[in-house]
Amino acid sequence: MGSRQQNFYNKQAQRMGFEAAAAEIQDKYLSGDKEGAAAAIPHDLIDKTTLLGSVDRIADRMKEYAAAGVTTLTLAPAGWTLDERLAALRAGTEALERAGLA
C-alpha cells in the first residue's frame, strides 16, 4: 500500500470520491490488518476500477471507456487455476470483440 505520503492507489481512490474509505483502508493495512483493509474496500470502488461480470457487461464497460477516451486497457485475468485464468482471459478478449474494439 505504500507510505502515507506517496500512495498512488490511495490518492486515486480519493480523487474518485472515496476519501473516507481510502483513509480507512490505508489505516487498517498499515496497522497490519490486511483482511480488514480488503473488507473495507467499497463494492462501488471495485466496480469502477475493474471489469467484472458477464461478457456483455464487460463489453459495455469497454465501450464506455473507449467513449471516454481510454485507449489502453490491461487485462489481468484472475483465478485460482490456470484454466480459470485462461477462461477469464478468453472472456476479456470476447468482450473486446463484442464491443467492436478488437
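Restricting region 66-76 to residues that are over 30 Å from GLN5 (Cβ atoms) and surrounded by 11 or more Cβ atoms within 10 Å (Cβ to Cβ) leaves a set whose member that is nearest to the chain's Cα centre (by Cα) is LEU75.
Of everything listed in (1) farther than 17 Å from LYS48 by Cα; (2) in contact (Cβ under 8 Å) with a residue 40 or more places away in the chain, the single unmet condition for LEU89 is (2). You will find that of GLY79, GLY53, the residue that is under 15 Å from the mean Cα position of the chain (by Cα) and open to solvent by 50 Å² or more (accessible area, probe 1.4 Å) is GLY53 and no other. For region 1-47, the tally of residues that are aromatic (Phe, Trp, Tyr) and either open to solvent by 80 Å² or more (accessible area, probe 1.4 Å) or touching a residue at least 60 places away in the same chain (Cβ under 8 Å) (or both) stands at 2. Among the residues of region 25-42, is there at least one that is charged (D, E, K, R) and within 18 Å of GLY100 (Cα to Cα)? No, because not a single residue in region 25-42 is charged (D, E, K, R) and within 18 Å of GLY100 (Cα to Cα).
The values are calculated or read from the model by the stated rules, or taken from the named source; none is laboratory data. These numbers come from a predicted model, not from an experiment. Note that we place each Cβ from the backbone using ideal geometry, even for glycine, and neighbour counts take in every protein chain shown. Side chains are part of the model used for accessible areas, which takes the heavy atoms of the whole protein and leaves out ligands, DNA and RNA. Shrake-Rupley method; radii C 1.70, N 1.55, O 1.52, S 1.80 Å.
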